[in-house]
Amino acid sequence: MRLQGRRAVVTGGASGIGRATALRLVDEGAEVWIGDIDTAAGEAIAATSNGRIHFRHTDVTDADSIKALIETADAAGGLDILFNNAGAGGARERIDEIAAADWDRTQALLLRSVALGIRHAAPLMTARGGGAIVNTSSVSALGTGYAPIAYSTAKAGVLHLTKLAAAELARHNIRVNAVVPGFITTNIFTRHLDVPEDRRQLANQVIAGAAARAQPVKRAGRPEDIAAAVAYLASDDAAFVTGTHILIDGGLTIGTRASWDENEPSLFSALEAFQ
Ligand code: NAI
């Protein structure tokens with residue numbers, strides 16, 4: 001019960017990583033306000049939470065909408081924790097074909113939203129003596145080949161924003177950190193590829209199977225894996241941790257595939273023929 005009596009905002013809390021995190025924060029004693037565009041799913045979670053989770057329709061691309069969500073949670077007794085997590089795959093186009101409006105839309109969803117969440121939470125947290133902010137980045141911030149370019153650039157921006165905001169807000173006793181998920185089985189992939197609702201479950205099973213073979217740890221990443229890291233960063237156990245990130249990727253980014261997959265040809269296996 002590390003978060004007993006704390007109030008938390010979780011954006012994108014109606015599904016996947018946000019949903020698992022909202023449930024985890026409640027398990028650890030917090031009261032949670034979910035902000036999401038998916039009203040049906042958000043209200044369903046709130047309805048089964050014994051009053052510990054509240055839902056407010058929120059579009060994180062809209063500054064007023066984020067502000068209203070944060071102020072609602074704060075009005076209940078003071079905001080302690082903000083998890084800037086809402087997101088989607090964004091524009092799929094490559095750099096030599098993307099339209100300016102699609103670039104802007106993706107940055108607004110994945111990067112500006114995080115900046116605005118911090119913007120509106122920080123004064124309220126400052127007024128009550130401090131708080132903890134956690135932002136969702138991605139392994140796509142660290143390298144190529146994981147996600148489209150607009151998404152990956154935004155997620156890299158989230159990492160740097162996290163450091164800069166941590167530096168600026170440390171004097172107010174506000175810590176700012178990020179989580180960097182690898183492949184986590186959620187609806188983000190089927191939504192991004194416009195898989196019809198009735199085929200999503202099957203598609204998610206295929207994705208989970210592929211994810212289990214994508215990294216050294218031989219199982220698909222789960223939303224709960226990320227939720228555990230967020231709960232730690234939000235708690236006093238992380239009181240001396242700010243301006244950094246936790247990589248939760250099952251080893252996906254350790255190095256070349258040949259370093260952990262014995263079936264992957266490497267320079268050395270190619271030279272074995274000459275021994
Ligand atoms: P998800 O699709 O299960 O959940 C995303 C939630 O965000 C949904 O409930 C959706 O309705 C909400 N959302 C989308 N646009 C919104 C908006 N404009 N305003 C408010 N809410 C909005 O996906 P998942 O995987 O849980 O994604 C959560 C975060 O994790 C995202 O930022 C994503 O980019 C990030 N991430 C996910 C990874 C994965 O493998 N699933 C890997 C790395 C990062």
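The values are calculated or read from the model by the stated rules, or taken from the named source; none is laboratory data. This one's a predicted model, so the numbers in the text were calculated from it and none came from an experiment. Note: ideal-geometry Cβ built from the backbone for every residue, glycine included; neighbour counts use all protein chains shown. Heavy atoms of the whole protein, side chains included, go into the accessibility calculation; ligands, DNA and RNA do not. Shrake-Rupley method; radii C 1.70, N 1.55, O 1.52, S 1.80 Å.
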Expressed in nanometres to one decimal, the distance between label points 7 Å along Cα→Cβ at His57 and Thr256 is 5.3
Measuring from its Cα centre, segment 7-272 shows a charge dipole (+1 at each Lys and Arg Cβ, -1 at each Asp and Glu Cβ) which, in debye to the nearest 20, is 280
Once the in-chain neighbours fewer than 8 apart are removed, the lysines whose Cα is under 30 Å from Lys163 read Lys67, Lys155
For Thr244, placing the label point 7 angstrom along Cα-to-beta-carbon and taking segment 154-196, residues whose amide nitrogen sits under 19 Å are 158-171, 173-182
Summing -39500 (n - 2.57) over every DSSP H run of at least 4 in the chain, dividing by its residue total and rounding to the nearest 500, the 222 nm mean residue ellipticity is -12500 deg cm²/dmol
One quarter of the C-alpha convex hull surface, i.e. the mean projected area of segment 7-272 in nm², amounts to 15.7
Those GluC sites (Glu not before Pro) from segment 64-154 that are DSSP loop and have at most 11 other Cβ neighbours within 10 Å turn out to be Glu97
Counting only residues 5 or more apart in sequence or on a different chain, those whose built amide H sits under 5 Å from that of Ile133 are Leu82, Arg175, Val176, Asn177
Rounded to 0.05, the calculated FRET efficiency for the beta carbons of Ser266 and Asn50 at R₀ = 51 Å is 0.45
Which residues qualify? For Trp33, with a placed amide H closer than 5 Å and at least 5 residues away or on another chain, they are Ala8, Val9, Val10, His54
Once Lys and Arg are counted +1 and Asp and Glu -1 for all other residues with Cβ under 13 Å from that of Leu161, the total becomes +3
Rounded to whole angstrom, the alpha-carbon centroid of segment 216-253 lies from that of segment 81-101 at a distance of 22
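With a sphere of radius 9 Å drawn around the Cβ of Thr61, what net charge do the other residues whose Cβ falls strictly inside it have (Lys, Arg +1; Asp, Glu -1)? Provide the component values of the computation, followed by the final result.
Values: positive: Arg105, Arg112; negative: Asp59, Asp62.
Computed value for this residue: 0.
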Tilt, helix 16-27 to longest principal axis of the chain (alpha-carbon atoms), in degrees rounded to tens, equals 50
For segment 42-128, one quarter of the surface area of the C-alpha convex hull, expressed in nm², comes to 6.7
Stretched fully, the stretch from Arg105 through Arg2 gains (0.36 nm per residue minus C-alpha distance, one decimal, in nm) 33.4 nm
Connecting every pair of Cα atoms under 10 Å apart in the chain and solving the GNM, the largest mean-square fluctuation among Asn50, Asn187, Asn84 falls on Asn50
So the carbon and sulfur contribution to the accessible area of the chain, 1.4 Å probe, in percent, is 54
Once amide hydrogens are built 1.01 Å from N within the peptide plane, the residues lying 5 or more places from Leu252 or on another chain with amide H under 5 Å from its amide H are none
Stretched fully, the stretch from Glu93 through Arg128 gains (0.36 nm per residue minus C-alpha distance, one decimal, in nm) 8.2 nm
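Accessible area per residue for segment 7-272 in Å², computed with a 1.4 Å probe and the full protein assembly in place, what is it?
I get 47 Å² per residue for segment 7-272.
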Listed residues Leu202, Leu82, Leu169; largest mean-square fluctuation, Gaussian network over the chain with Cα springs below 10 Å, found at Leu202
In whole angstrom, the spacing between the Cα centers of segment 123-190 and segment 1-39 equals 17
